[in-house]
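S.K.: Have a look at this one.
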Amino acid sequence: MPDPAQDAPEVGPPKQSAAGIPAVLNSVRHVNDQAGVLRGLPAMLAVNQKKGFDCPGCAWPEPGKRHTAEFCENGAKAVAEEATRRTVGPDFFARHPVSDLFERSGYWLGQQGRLTEPMYLAEGATHYEPVSWDRALDMIAEELRGLDTPDGAVFYTSGRTSNEAAFAYQLFARQLGTNNMPDCSNMCHESSGSALVETLGVGKGSVSLEDMYEADLIIVAGQNPGTNHPRMLSALEKAKRRGTRIVTVNPLPEAGMKAFRNPQYARGLLGRGTELTDLFAQIRVGGDLALFSAVNRLLLEADQRGEKVLDHGFVNSFTHGFEEFSEALLAEPEDEFWARTERDTGLTRSLIEELTAMVVASERIVVCWAMGLTQHKHSVPTIREVVNFLLLRGNVGRPGAGVCPVRGHSNVQGDRTMGIFERPADSFLDALGAEFGIEPPREHGHDVVNSIRAMARGEVGVFIAMGGNFVAASPDTEVTEDAMRQVGLTVHVSTKLNRSHVVTGTRALILPALARSDRDQHDGEQRWVTVEDSMGLVHASHGVLPPLSEGMRSEVDIVRGLGRRVFGNDPVDWDRMADYDRVRDHVSRVVPGFEDFNTRARKREGFALPHAPVTTGSSRPRPVWPTSR
Ligand code: SF4
């Protein structure tokens, strides 16, 4: 294992604000160190712009009106590592046996630069060797065709994969005959998806940036925007300046939620910045379920006292289960309830009452959350309770109100929308089968954890990862690494080196992919892809940088090359998917909400996907509540 002291963090006094001049200087330094001016400047001027490319750093949406520099320090680092001049090619692998790379930290591996050529690690070999694309894809095709069952293959997806590549990838796996499609969602917002599908019928956020600005109250729970979604601080600052109040629920007092020095403005660069948090609830880890239950109980009790704090019109028209819910929540004797609540939350009753008073004073409420809510055994009940909290006062499906699970990976939501899911809906498989004349498998596949178990049992002959760093991202590194070593052939489609390239199956392939910032040329045509952000907005992404090597290929072309080799071009015409418009046409006939995809994706603003119904006055199209009952 790498020596942890290699990249030991520097420890200093806690910061009292985020961003400001230090963020600008760090961004410039990272971009200059990695990419230099000639590649760095055009990349930073194009990232998150309407005719530019989408930042690979996270899934936070772009505002309608863009700044010249529409990125944060994290975004600058993520783009710098893609736009880097550094390369990792055959010479590098000749100098570094896998045993040496195994001892290196993940950070060091990632800093070595962009992968330029397909590389192959033969059985028992000490070094990766260069291999041609044709040989590499033939090798994978042979291995897949040689499997006893299609379920002997696992197709992992990281959230950076574009919509077009994700759609082609899931089609390939389903034409092969498996739903073994684990993805990084399994490890981040899966509990959000499960709870939201059950309660609202759609496993995604229901708010737009405009809703954030119009909210009276925003609760940020189990999330650290300053580190994970820094431009969210700009949205919170804008809302704050419009009079929105902000509650932070977090075990740690994070600098970004204390004060934000927005580098887009002089006040942010020179001043103390904007204080964001009005009420800080320093909750005990895992205490969010108890907190939202307590607020809901206080609301129910106030309503029973005749204080009219619930939206009964909304509850009666749009919800069911209210009677059972309130009965269950009010059943526990008060003193026992509060003793347990204070113990589980680590908060005082008076603070929870203060929060509830802020809720009652607010017409429109948005709740934002991330891993602090989703990474617990009781995460699904917690997120259900958050939805209960919002439904009690009609805070879903109208301006300034709703649910906002904030996604990490830049297109993780889009990948799921495109069908990257081990438990696909029958309606999706029906549409896919009808579109391509294939019989998609109906049996549910492996998610991340079950894939690891199947690998450890020796049941997986081929593991393919479209991006990502499976062994480092998965819950139990050692168990996952041991499981990976049981696989016959491991294949990673990647832009940079990472730990998953040095913990391999019996044989391994690394296939260098174009990054989102790279120009994607085909037959003299510049191709572009689409992504879906955390708020359900789909928009185009156009690469701007000349690729560092002709040895790199687009994710779609890699899948196409495999599809033609394993299945030929009938009934799925893999060759013709070199034209991404053709891929989008297929999507428009298979995925709900993508009608006329090619036309709408060419609009500078992109388009919003439908979500929960709206009672009155919203600019976004809304279907009926698609819940299961
Ligand atoms: S907030 Fe996220 S998407 Fe936006 S620039 Fe920063 S890392 Fe990139």
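S.K.: Looking only at segment 27-52, count every residue that is within 13 Å of the ligand (Cβ to nearest atom) and either of a type outside the set (Ser, Thr, Tyr) or exposed (fewer than 15 other Cβ atoms within 10 Å of the Cβ) (or both) and tell me the total.
M.R.: Looking only at segment 27-52, we keep the residues that are within 13 Å of the ligand (Cβ to nearest atom), and these are 27, 30-31, 43-44, 46-49, 52.
Now drop any that are not either of a type outside the set (Ser, Thr, Tyr) or exposed (fewer than 15 other Cβ atoms within 10 Å of the Cβ) (or both), which leaves 30-31, 43-44, 46-49, 52.
Number satisfying all stated conditions: 9.
S.K.: Consider Gly402 carefully, then state whether it is under 21 Å from the mean Cα position of the chain (by Cα) and at pLDDT 95 or above. Let's see the steps before the verdict.
M.R.: Numbers: under 21 Å from the mean Cα position of the chain (by Cα): yes; at pLDDT 95 or above: yes.
So Gly402 passes the test.
S.K.: Show the residue pairs meeting these rules: Cβ distance below 8 Å; 6+ apart or different chains; first residue within segment 136-159 and touching a residue at least 60 places away in the same chain (Cβ under 8 Å) and more than 20 Å from Ser494 (Cβ to Cβ); second residue of a type in the set (S, T, N, Q) and outside any strand (DSSP E or B).
M.R.: Pairs that qualify, where the first residue is touching a residue at least 60 places away in the same chain (Cβ under 8 Å) and more than 20 Å from Ser494 (Cβ to Cβ) and the partner is of a type in the set (S, T, N, Q) and outside any strand (DSSP E or B), are Pro150/Thr178; Asp151/Thr178; Asp151/Asn180.
S.K.: Return the residues of segment 53-101 that are assigned to a helix (DSSP H, G or I) and either within 11 Å of the ligand (Cβ to nearest atom) or within 23 Å of Arg602 (Cα to Cα) (or both); say none if nothing qualifies.
M.R.: Taking segment 53-101 as the starting set, the residues that turn out to be assigned to a helix (DSSP H, G or I) are 73-83, 90-95, 98-101.
Of everything in segment 53-101, those that are assigned to a helix (DSSP H, G or I) and either within 11 Å of the ligand (Cβ to nearest atom) or within 23 Å of Arg602 (Cα to Cα) (or both) turn out to be Glu73, Asn74, Gly75, Ala76, Lys77, Ala78, Val79.
S.K.: Looking at (1) within 22 Å of Thr382 (Cα to Cα); (2) within 28 Å of the chain's Cα centre (by Cα), which is the only condition Arg245 fails?
M.R.: Unmet for Arg245, out of (1) within 22 Å of Thr382 (Cα to Cα); (2) within 28 Å of the chain's Cα centre (by Cα): (1).
S.K.: Please go through segment 494-526 and pick out each residue that is open to solvent by less than 20 Å² (accessible area, probe 1.4 Å), closer than 24 Å to Asn48 by Cβ and part of a strand (DSSP E or B).
M.R.: Across segment 494-526, the qualifying residues are Ser494, Ala513, Asp518, Asp520.
S.K.: Condition first: touching a residue at least 40 places away in the same chain (Cβ under 8 Å) and open to solvent by 50 Å² or more (accessible area, probe 1.4 Å). Now tell me which residues in segment 568-578 satisfy that.
M.R.: Pro571
S.K.: Given the conditions (1) of a type in the set (Gly, Ala, Ser); (2) closer than 24 Å to Ala125 by Cβ; (3) not assigned by TED's automatic domain parsing to the domain that holds Phe436, and given that Ser500 satisfies all but one, which numbered condition is not satisfied?
M.R.: Here Ser500 meets the rest and fails (3).
Table: residues versus (1) of a type in the set (Lys, Arg); (2) more than 27 Å from Gly226 (Cα to Cα); (3) in contact (Cβ under 8 Å) with a residue 60 or more places away in the chain; (4) in the same structural domain as Leu217 (by TED's automatic domain parsing).
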position	(1), (2), (3), (4)
Gln304	no, yes, no, yes
Gly313	no, yes, yes, yes
Trp338	no, yes, no, yes
Ser350	no, yes, no, yes
Cys368	no, no, yes, yes
His378	no, no, yes, yes
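S.K.: Another question about this same structure. Filter segment 345-365 down to residues that are open to solvent by less than 50 Å² (accessible area, probe 1.4 Å) and part of a loop (DSSP other than H, G, I, E, B) and give me whichever is nearest to Val315 (Cα to Cα). It would help to see each step written out before you state the result.
M.R.: In the first step, residues of segment 345-365 are kept if they are open to solvent by less than 50 Å² (accessible area, probe 1.4 Å); the result is 345-347, 351-352, 355-356, 358-359, 362, 365.
If we keep only those that are part of a loop (DSSP other than H, G, I, E, B) as well, we get 346-347, 362.
Working: Gly346: 31, Leu347: 29, Ser362: 17 Å.
Among them, the one singled out is Ser362.
S.K.: Sticking with this structure for a sec: I need the helices (runs of 4 or more DSSP H) fully contained in segment 252-312, keeping only those with at least 3 residues that are open to solvent by 10 Å² or more (accessible area, probe 1.4 Å). Full working, then the answer.
M.R.: Numbers: elements: 255-258, 266-270, 288-304.
Output list reads 266-270, 288-304.
S.K.: Could you list all residues from segment 457-486 that are open to solvent by less than 60 Å² (accessible area, probe 1.4 Å), without any contact (Cβ under 8 Å) to a residue 40 or more places away in the chain and among the hydrophobic types (A, V, I, L, M, F, W, C)?
M.R.: Initial filter on segment 457-486 (open to solvent by less than 60 Å² (accessible area, probe 1.4 Å)): 458, 460-474, 477, 480-481, 483-484.
Now restrict to residues that are without any contact (Cβ under 8 Å) to a residue 40 or more places away in the chain: 458, 471, 477, 480-481, 483-484.
Across segment 457-486, the qualifying residues are Val471, Ala483, Met484.
S.K.: Is there any pair with a first residue in segment 20-49 that is closer than 15 Å to Pro546 by Cβ and a second that is within 13 Å of the ligand (Cβ to nearest atom) and of a type in the set (Phe, Trp, Tyr) whose Cβ atoms are under 9 Å apart and which are 6 or more apart or on different chains, and what are they?
M.R.: Going by the 9 Å Cβ cut-off, the qualifying pairs are Ala43/Phe53; Ala46/Phe53.
The values are calculated or read from the model by the stated rules, or taken from the named source; none is laboratory data. None of these values were measured; they are calculated from a predicted model. Backbone-built Cβ (ideal geometry, glycine too); neighbour counts: all protein chains shown. The accessibility values were calculated without ligands, DNA or RNA, using every heavy atom of the protein model including side chains. Shrake-Rupley method; radii C 1.70, N 1.55, O 1.52, S 1.80 Å.
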